[in-house]
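Q: Next up is a structure, given as structure tokens.
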Amino acid sequence: MKKIILAILGLFLMAGAGYSARGESIEIVVDRIQKKYEEIDDFHADFTQEATVKALNTVQKSDGEVWFKKPGKMRWNYYEPYKDQIVSDGRTLWFYNEEEKQVIESPLNQVSDTETTSTLLSGLGKIKELYKTSFTDPKEFEADGSYLIDLRPKDEGEDYNKVTLAIDKGTMMVNTLYLYDPFGNLTKVLLKNIQIDKGVSDSLFNFQVPSGVEVIKPPASAAGR
């Protein structure tokens, strides 16, 4: 589940090619999205997450808050059902699992050896080099006033097959992400109460290990997927 967050963190800077149902060039649409997010230094939103596990025929629900700050800083605070955390200060990445009372601490550059994930984490995006892009089939989701864009990683070693972005046509902000993995599972992340450029402090991205929690530092050879 936490690798999903790694995959979607930088998906606020997307691009592609194709045509929408209204005849708009997606290149023009994406230029507007790209321009919007290039101007943003920090970002905060509430989120709800629904992960459909196909093999178990279950839906796992969670919610919390997310902060993002350039370059490469992030914090995901989960509140329900567990108070998990995912934090990066741009150099180190921490995964805190409240239920297991464990923290996995890894250098950010060892989290994955793929260019895609590291690019997403840094918020830099060579999107046309990394993704096959298209507009989403309008029958797949209700657009609800959003552009729907599919991104398929060119790197076949990624942990997901496709990401669909819903982008508000008025604000050009991402409001929903749908992520598909190779096992047929779907994770939906809905962003709400989005605020930008509120001056998020760097101290927010300093992770404090909770008392009584085991810290695990994977060897370099084991880092990544």
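The values are calculated or read from the model by the stated rules, or taken from the named source; none is laboratory data. It should be emphasised that the depicted structure is a prediction, and the values quoted were computed from it without experimental measurement. So basically every Cβ, Gly included, is an ideal-geometry build from the backbone, and we count neighbours across all protein chains shown.
Q: Could you check how many residues of the stretch 36-65 are of a type in the set (S, T, N, Q) and either touching a Cys at 6+ places or on another chain (Cβ under 8 Å) or within 15 Å of Asn175 (Cβ to Cβ) (or both)?
A: Counting residues in the stretch 36-65 that are of a type in the set (S, T, N, Q) and either touching a Cys at 6+ places or on another chain (Cβ under 8 Å) or within 15 Å of Asn175 (Cβ to Cβ) (or both) gives 2.
Q: Is it true that some residue in the stretch 206-214 is of a type in the set (D, E, K, R), closer than 22 Å to Tyr78 by Cβ and at pLDDT 85 or above?
A: yes
Q: Output the residues belonging to the stretch 42-79 that are surrounded by 14 or more Cβ atoms within 10 Å (Cβ to Cβ) and not in a strand (DSSP E or B).
A: Correct list: Lys70, Gly72.
Q: Tell me, which residue of the stretch 183-204 that is in contact (Cβ under 8 Å) with a residue 12 or more places away in the chain, farther than 22 Å from Ser62 by Cβ and not aliphatic (A, V, I, L, M) is surrounded by the fewest Cβ atoms within 10 Å (Cβ to Cβ)?
A: The selected residue is Gly199.
Q: Mind listing whichever residues of the stretch 25-40 are exposed (fewer than 14 other Cβ atoms within 10 Å of the Cβ) and under 22 Å from Gly90 (Cβ atoms)?
A: Glu38, Glu39
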